[in-house]
Each structure stands twice: as structure tokens, then as C-alpha cells.
Amino acid sequence: MKKLGVAVIGTGFWGKNHARVYKELEETELLAVCDIDAGRAKAVAQQFGVKHYSKPSQMLKNKEIDAVSICTWSTVLAKEALRALDAGKHVLVEKPMAANTKQAEKLVQIAEKERLHLSVGFLMRFIPGLQHIKGAAAKKTIGELVCATAKRVSQWPERIGDVGVVKDTAIHDIDVVAYLFSEEPVAIYAKTGNMMNRKFEDYAQIMLTFEEGKTAFIESNWLTPYKTRTLEVTGSAAIMKLDYITQELTVETEKETVQPRYPIKEPLKLELQHFANCILKKEKPLITGTDGVKALRIAEAALRSSVTGKAIKLK
Ligand SMILES: NC(=O)c1ccc[n+]([C@@H]2O[C@H](COP(=O)([O-])OP(=O)(O)OC[C@H]3O[C@@H](n4cnc5c(N)ncnc54)[C@H](O)[C@@H]3O)[C@@H](O)[C@H]2O)c1
């Protein structure tokens, strides 16, 4: 089978992992990496025995590269994704996809026009326990969905300096609840703030309301000295609790409490393998560019709600 020629733009903390996983996967051949910090690009390239660049435009001239991961700072993701799409490459752009919804919509438009695959790095969807909950929602073994509560708190990751906790962190949970409920919220109410005098908000409480009374509550912050990443979904027939860190899933019903076991797999490996197979084998994409636009729109509404003190209705 022909391997997918891939490259990574942005080789910081997360891009390095994309490069490693592409090197490990059978479906992909890592050809090059690029970072505006030439030293970083060179170090990662040497580790994996590939070419390195400090200018994305130079690297994108390589016709062997079919697809790229964009792992730059959040506010330049869209610019680099657009450049890659314009060069005819399939793109996996990291969350939050773009600095604003308008930029994200443009990416979707160009990808559709050029018939290129566009995906967004919503890694949580690749955790088996989350797929279990999604399956239970689809088959209604959880009953009717009532509400979801997500908590994602930790210390401030100092390298993140261009967006706040909503677009960087809460956006994972925003995507998860829209995915589980298979719909966009009708209204968003949020309170965000900046406790540590940073440039952007470092805590957020976000409430989303959906059709037929379903609700979701998302708590995110960069103020907690330890890391918690959990999800609790309440249905009329069961409560499902997922710890994203341990990947432990607990299902409670009136009769019993069980812990379905799934082999622990690296979510990034599953994500990039699926990305490659969407292009090579035309697998049905689990995440589309439109999912990214939707999540960003909700994140922006949450930030607006916090400024106005009012719930924001989405059309
Ligand atoms: N999906 C996930 O779970 C997950 C986890 C971590 C980070 N991320 C996302 O990945 C992205 C990178 O995060 P990080 O923690 O690695 O940050 P980082 O600061 O460690 O790395 C970003 C790198 O991008 C480089 N860069 C910036 N602009 C560039 C450009 N125009 N061209 C080439 N290189 C450029 C920087 O020099 C830096 O090396 C962010 O968007 C973040 O939200 C996603």
C-alpha cells in the first residue's frame, strides 16, 4: 500500500508528538518538519531522520507531501492551514483551528472547493470510553440524554500565550458535548475571568443549553495545581463517568455499576491513523472542518456572554 507522505508545521510541545506518531504509523511516511524556530525544526528533524525547514512555503513545494499537521501557536493555525490547502495538501489543523470563526469558515470553504480533507485536532473523540458513551447515546442504552458535566483544570501551561483557557482548553469539552448530543446548543452563558493577571482569561464556567432541555456545564481553569480531566453524562437510564487521563469509564445504572474495559491506546495515534485513512481509504471522517467552526463559534459566544453578562443565543 502506498504510504501517505506527511509533514508537520510547528514542532513545539505538541508538533513533536505528531512527528513521532507519523514516524511510527504504517500508513504514513514522515518526510519533513518545519518551525520558524530553525533550531527546533532541526532538532526534531534529526531525531526522526527527515528534512527540516524554517519557512512553511519552502517545505510545501515538495510534491511528495500529501498532507500536513498544523501545530503552530493557536493564532496562526489558520494562516498556515490556508497556506497548506492552497498548496494542495490535506490538512489536520490543531484546535482551536483558527483565531476566529471567520478564518475557520474560510478553511472549510477552500478545502471543499479544492476537494481536500480537512480535520481538526479534537483528540478526546479518540478515547475509547468517549466512543462508548457516544454509542450508548446513539443506541439509547443510556436512556434519554439529560446533561453533561465536564471538568478540565490544571496549572497554566506557560507556553500558551496567545489565547485563553476557553479557546485553548474548554474547546475540547465544547466539541465533546456537541458531538455527544449530536446538536449545537441553543444558548450559552459563561463567566470567565483572569485571576493571575495574565493576558487572557484563566478560568471559565460555561453553561450550554440544548433543544428539549438538555444542558451541559463546562469548568476549565489554569489555576488548579493538579490536573483533572473528567466527563459525567447523565441519561434517564444510566450515568457514565469518564476520566480522560486514566481512560477509566464507569457506568452506573439502578441495578449495577460496571467498568467496561478497553485496551489503552494513544489517542493521538488513533487520530493520525484515522486522518491518514480518511485520505488513503476514504474512511468516513470522525471530525470535519465544520465541527471546528461550530466549536469555535460556541467558544466565542462564551467569551461574549462573559463580557455582556447575558446568555448568547445561537441561531
Ligand atoms: N489536541 C490536543 O490535545 C493538543 C494538545 C496540545 C497542543 N495542542 C495545540 O497544538 C498547537 C501547538 O501547541 P504547543 O503546545 O505545541 O505550543 P508550542 O509553543 O510548544 O509550539 C508551537 C510551535 O509553533 C512554532 N510556530 C509558530 N508559528 C509558526 C509558523 N507560522 N510556522 C511554523 N512554525 C511556527 C513555534 O516556533 C513553536 O515551536 C496549539 O494550537 C495547541 O492548541 C493541541
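The values are calculated or read from the model by the stated rules, or taken from the named source; none is laboratory data. Quantities reported herein were computed from a predicted structural model and do not represent experimental measurements. Cβ placement follows ideal geometry from the backbone for every residue including glycine, while neighbour counts extend to all protein chains displayed.
Looking at Ser69, Ser57, Ser119 in this structure, which one is surrounded by fewer than 19 Cβ atoms within 10 Å (Cβ to Cβ) and either within 13 Å of the ligand (Cβ to nearest atom) or closer than 20 Å to Gly10 by Cβ (or both)?
Only one candidate qualifies: Ser57.
Out of all the residues in the range 149-166, which are surrounded by 17 or more Cβ atoms within 10 Å (Cβ to Cβ) and within 8 Å of the ligand (Cβ to nearest atom)?
Correct list: Ile160, Val163.
Would you be able to say whether some residue in the range 8-29 is hydroxyl-bearing (Ser, Thr, Tyr), more than 21 Å from the chain's Cα centre (by Cα) and either part of a helix (DSSP H, G or I) or near the ligand (Cβ under 9 Å from one of its atoms) (or both)?
no
To keep it simple, each residue is scored yes or no on (1) modelled with pLDDT of 95 or more; (2) in contact with a Phe, Trp or Tyr (Cβ under 8 Å, 6 or more places away or on another chain); (3) within 25 Å of Lys315 (Cβ to Cβ); (4) of a type in the set (Val, Ile, Thr).
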{"residue": "Ser182", "(1), (2), (3), (4)": "yes, no, yes, no"}
{"residue": "Ala204", "(1), (2), (3), (4)": "yes, no, yes, no"}
{"residue": "Lys214", "(1), (2), (3), (4)": "yes, yes, yes, no"}
{"residue": "Ala237", "(1), (2), (3), (4)": "yes, no, no, no"}
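Grab the strands (runs of 3 or more DSSP E) fully contained in the range 154-263, keeping just those with 1 or more residues being more than 20 Å from Gly135 (Cα to Cα).
187-193, 203-209, 215-221, 223-235
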